[in-house]
Amino acid sequence: MGRRKNRINLEKHRLSFEDAELVFSDPCVTFEDDHFGYDEDSFFTLVFYKAVSY
């Protein structure tokens, strides 16, 4: 990924692309997001990474 996009993601989500790759190696729980009528399947994942909840 480009540096600019990585910086934007880090500012927006407090998570770099490098760290994002590691998130799914930690315990996590994924749920289907059915709050709205999306035109596609939507999911969200809860994970504790480096003792911070994202």
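Condition test on K5, is it modelled with pLDDT under 80 and of a type outside the set (S, T, Y)? Steps first, answer last, please.
On the way: modelled with pLDDT under 80: no; of a type outside the set (S, T, Y): yes.
Against the criterion (modelled with pLDDT under 80 and of a type outside the set (S, T, Y)), K5 does not qualify.
Which condition breaks for E11 when tested against (1) at pLDDT 85 or above; (2) in contact with a Cys (Cβ under 9 Å, 6 or more places away or on another chain)?
So the condition that E11 fails would be (2).
Which pairs do you get when a residue that is in contact (Cβ under 8 Å) with a residue 12 or more places away in the chain, found in segment 13-34, comes within reach of a residue that is loosely packed, with under 13 Cβ neighbours inside 10 Å and in a helix (DSSP H, G or I), reach meaning Cβ atoms under 9 angstrom, with the pair 6+ apart or on two chains?
Pairs that qualify, where the first residue is in contact (Cβ under 8 Å) with a residue 12 or more places away in the chain and the partner is loosely packed, with under 13 Cβ neighbours inside 10 Å and in a helix (DSSP H, G or I), are F17/K5.
If a residue has to be charged (D, E, K, R), exposed (fewer than 11 other Cβ atoms within 10 Å of the Cβ) and not in a loop (DSSP other than H, G, I, E, B) to count, how many in segment 1-44 make the cut? Walk me through how you get there before you give the answer.
If we filter segment 1-44 for residues that are charged (D, E, K, R), which is where we start, we get 3-5, 7, 11-12, 14, 18-19, 21, 26, 32-34, 39-41.
Now drop any that are not exposed (fewer than 11 other Cβ atoms within 10 Å of the Cβ), which leaves 3-5, 11-12, 14, 18, 21, 26, 32, 34, 39-41.
Of the ones still in play, those that are also not in a loop (DSSP other than H, G, I, E, B) are 3-5, 11-12, 18, 21, 32.
Qualifying residue count, segment 1-44: 8.
Checking the structure you have, find out if any residue of segment 33-52 is of a type in the set (K, R) and modelled with pLDDT of 80 or more. Walk me through it before giving the result.
Let us first name the residues in segment 33-52 that are of a type in the set (K, R), namely 50.
Cutting the leftovers down to modelled with pLDDT of 80 or more gives us none.
No: segment 33-52 contains no residue that is of a type in the set (K, R) and modelled with pLDDT of 80 or more.
The values are calculated or read from the model by the stated rules, or taken from the named source; none is laboratory data. Source: prediction; values computed, not measured. Virtual Cβ from ideal backbone geometry, glycine too; neighbours counted across all protein chains shown.
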